[in-house]
Amino acid sequence: MTDLSSKALNIEDLRQMAKRRLTKALFDFCDKGSEDQVAMRDNRAALDAIKLMPRVLNNTSARHARTTFFNEELGLPLMIGPTGPAGFVWYRGETQLAKAAAKKNIPFTLASTSNTAMERVIQNGGGTQWFQLYVWRDPEAAFVTVQRALDAGFEALVVTVDSPVYNNREIDVRNGLVFPPKVTLKTAADSLRHPRWLFGTAGKYYLAERRLPAFTNIHIPEEARASATGYVSAKSDSFLNRDDTMDWDYVRRLRDVWPKKLLLKGILHPEDAVKAADAGADGIFVSNHAGNTNDAAITPWDALPDIVEAVGGRLAIIADSGVRRGSDVLKALALGADLVAIGRATLWGVGAAGEAGASRALDILEAEILRTMAVLGVADVASIGREHIRLPGELPVSRSAKRA
Ligand SMILES: Cc1cc2nc3c(=O)[nH]c(=O)nc-3n(C[C@H](O)[C@H](O)[C@H](O)COP(=O)(O)O)c2cc1C
């Protein structure tokens with residue numbers, strides 16, 4: 001079959017391809033944020049408002065984008081962050097993402113709410129893989145999942161801490177979307193309008209397993225099974241509602257049982273970054289979850305400088321939310337991030353064309369990173385620093401005033 005994604009010139013092209021292939025409900029779940037989409041817009045506005053300071057005549061012909069993270073050499077200053085619906089947008093989509101990441105020699109993070117068994121993704125996907133943990137209504141049950149992830153061979157545990165309650169995603173409620181999926185008149189009509197997804201993904205799962213995709217990586221205790229339904233519109237008494245009892249002691253308990261790298265995802269306050277380091281974390285994701293959790297949250301790009309000042313050197317810092325171009329990646333590094341995570345770019349890629357589409361997303365970002373490095377006059381990413389950017393307040397008065 002021809003790989004349509006090879007025609008994509010940029011990440012937006014992959015987004016449009018995914019939009020055509022996926023059901024409306026699934027595409028909106030991947031594409032939209034919570035409530036009024038303010039945080040999502042702010043993420044882009046914050047990145048766009050940062051300007052690069054090009055340097056010329058530096059002979060960058062030998063430039064490369066390799067970097068070192070957790071003592072490992074990576075092909076790019078990127079990683080693929082956890083996105084729950086990867087296996088819903090493509091048959092075994094998680095494995096396709098892992099393979100694409102392995103080809104570029106960058107880490108892939110498997111989401112708690114994925115539906116291909118973690119052991120299978122590790123085995124078939126290859127490369128460096130991390131596991132992301134959501135903690136549900138029974139915080140003790142999470143320890144069973146953590147042990148399973150350790151046994152399976154994941155290199156790092158990413159504990160998402162910015163979602164103590166389920167996100168207010170009104171768009172999904174309107175679209176009638178729930179996980180595990182339910183067939184209703186509305187969802188059936190949506191599926192029939194998208195036969196490539198219906199037969200290429202849902203149909204393949206049905207043929208292979210005689211059922212629709214389900215959560216396979218969440219430990220649900222026997223007594224909680226009956227209430228473990230309806231993720232997305234999870235009622236407060238559902239097992240699949242998130243856990244609002246989590247605290248720093250809980251992180252310390254996870255630290256005690258997880259001997260490998262431990263990262264907290266969704267830190268936006270410098271004092272929380274300090275607490276993460278004090279609790280024994282190895283790294284943090286400075287992230288507003290791509291605008292999916294708190295629609296009024298500060299952007300990671302505005303939060304990053306204070307966090308780097310507070311904990312730079314004590315913790316590895318990964319930043320994400322809104323990255324669509326190679327220049328965004330370089331801006332993040334200039335702000336002090338050690339690595340940049342991407343969510344939607346590769347999710348749209350895999351939703352458009354499986355592993356080929358995810359690889360296309362990474363190829364596009366790599367080419368843009370290398371091109372932007374040339375115009376910045378740097379030959380390696382370690383040379384990128386604060387001097388390569390100007391924040392809005394540092395631009396000539398007339399320009400920053402106009403922006404405000
Ligand atoms: C559809 C979707 C599903 C996501 N699922 C998860 C998840 O299961 N766990 C998690 O920690 N983050 C999740 N995220 C957040 C991503 O890991 C990441 O923080 C974010 O997508 C980065 O922003 P970007 O998509 O603009 O690149 C999800 C994001 C999207 C768009």
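The values are calculated or read from the model by the stated rules, or taken from the named source; none is laboratory data. A quick note: this is a predicted structure, and the numbers were derived from the prediction, not measured. Heads up, the Cβs are rebuilt from the backbone with ideal geometry, glycines too, and the neighbour counts pull from every protein chain shown.
LYS260 passes every criterion in (1) touching a residue at least 60 places away in the same chain (Cβ under 8 Å); (2) more than 16 Å from the ligand (Cβ to nearest atom); (3) in contact with a Gly (Cβ under 6 Å, 6 or more places away or on another chain) apart from (3).
When the residues of the range 284-310 are filtered to those that are among the hydrophobic types (A, V, I, L, M, F, W, C) and outside any helix (DSSP H, G or I), which remaining residue is nearest to the ligand (Cβ to nearest atom)? Walk me through how you get there before you give the answer.
Quick first cut of the range 284-310, residues among the hydrophobic types (A, V, I, L, M, F, W, C) only: 284-286, 290, 296-298, 301, 303-304, 307-308, 310.
Now drop any that are not outside any helix (DSSP H, G or I), which leaves 284-286, 296-298.
Details: ILE284: 12, PHE285: 7, VAL286: 10, ALA296: 17, ALA297: 12, ILE298: 15 Å.
Among those residues, the one meeting the criterion is PHE285.
Evaluating VAL232 against the criteria (1) at pLDDT 95 or above; (2) within 14 Å of the ligand (Cβ to nearest atom); (3) in contact with an Asp or Glu (Cβ under 7 Å, 6 or more places away or on another chain) leaves one unmet condition, (1). Look at (1) more than 13 Å from the chain's Cα centre (by Cα); (2) closer than 23 Å to SER227 by Cβ and you find that GLN132 fails only one, number (1). The set of residues in the range 126-141 that are touching a helix residue (DSSP H, G or I) at 6+ places or on another chain (Cβ under 8 Å), on the phi < 0 side of the Ramachandran plot and either part of a strand (DSSP E or B) or among the small types (Gly, Ala, Ser) (or both) comprises GLN129, PHE131, LEU133, TRP136, ALA141. Once the range 36-48 is narrowed to residues that are buried (at least 18 other Cβ atoms within 10 Å of the Cβ) and in contact with a Lys or Arg (Cβ under 9 Å, 6 or more places away or on another chain), the residue that is farthest from VAL350 (Cα to Cα) is LEU47.
Against the numbered list (1) farther than 18 Å from ASP243 by Cβ; (2) part of a loop (DSSP other than H, G, I, E, B); (3) not aliphatic (A, V, I, L, M), ASP151 comes up short only at (2). Residues in the range 311-323 that are buried (at least 21 other Cβ atoms within 10 Å of the Cβ), touching a helix residue (DSSP H, G or I) at 6+ places or on another chain (Cβ under 8 Å) and outside any helix (DSSP H, G or I): LEU315, ILE317, ALA319, ASP320, SER321, GLY322, VAL323.
Would you mind finding the one in PRO82, PRO54 that is touching a residue at least 60 places away in the same chain (Cβ under 8 Å), outside any strand (DSSP E or B), of a type outside the set (A, V, I, L, M) and in contact with a strand residue (DSSP E or B) (Cβ under 7 Å, 6 or more places away or on another chain)? The conditions single out PRO82. Number of residues in the range 100-112 that are crowded, with 20+ Cβ neighbours inside 10 Å and either in contact (Cβ under 8 Å) with a residue 60 or more places away in the chain or within 11 Å of the ligand (Cβ to nearest atom) (or both): the value is 8. Exactly one condition in (1) within 16 Å of the ligand (Cβ to nearest atom); (2) surrounded by fewer than 24 Cβ atoms within 10 Å (Cβ to Cβ) is not met by ARG63; state its number. Here ARG63 meets the rest and fails (1).
Give the residues of the range 363-382 that are more than 17 Å from LEU335 (Cβ to Cβ) and either in a helix (DSSP H, G or I) or of a type in the set (Gly, Ala, Ser) (or both), sorted by residue number. Reasoning before the result, please.
Start the filter on the range 363-382 by keeping residues that are more than 17 Å from LEU335 (Cβ to Cβ), which leaves 363-368, 370-371, 374-375, 377, 379-380.
Within the range 363-382, ASP363, ILE364, LEU365, GLU366, ALA367, GLU368, LEU370, ARG371, ALA374, VAL375, GLY377, ALA379 qualify.
Which condition breaks for VAL350 when tested against (1) in a helix (DSSP H, G or I); (2) more than 16 Å from the ligand (Cβ to nearest atom)? Checking VAL350 against (1) in a helix (DSSP H, G or I); (2) more than 16 Å from the ligand (Cβ to nearest atom), the one that fails is (2).
Scanning the range 383-404 for residues being at pLDDT 95 or above and part of a helix (DSSP H, G or I) gives a total of 4. The single condition from (1) more than 12 Å from the ligand (Cβ to nearest atom); (2) touching a helix residue (DSSP H, G or I) at 6+ places or on another chain (Cβ under 9 Å) that ASP338 fails is (2).
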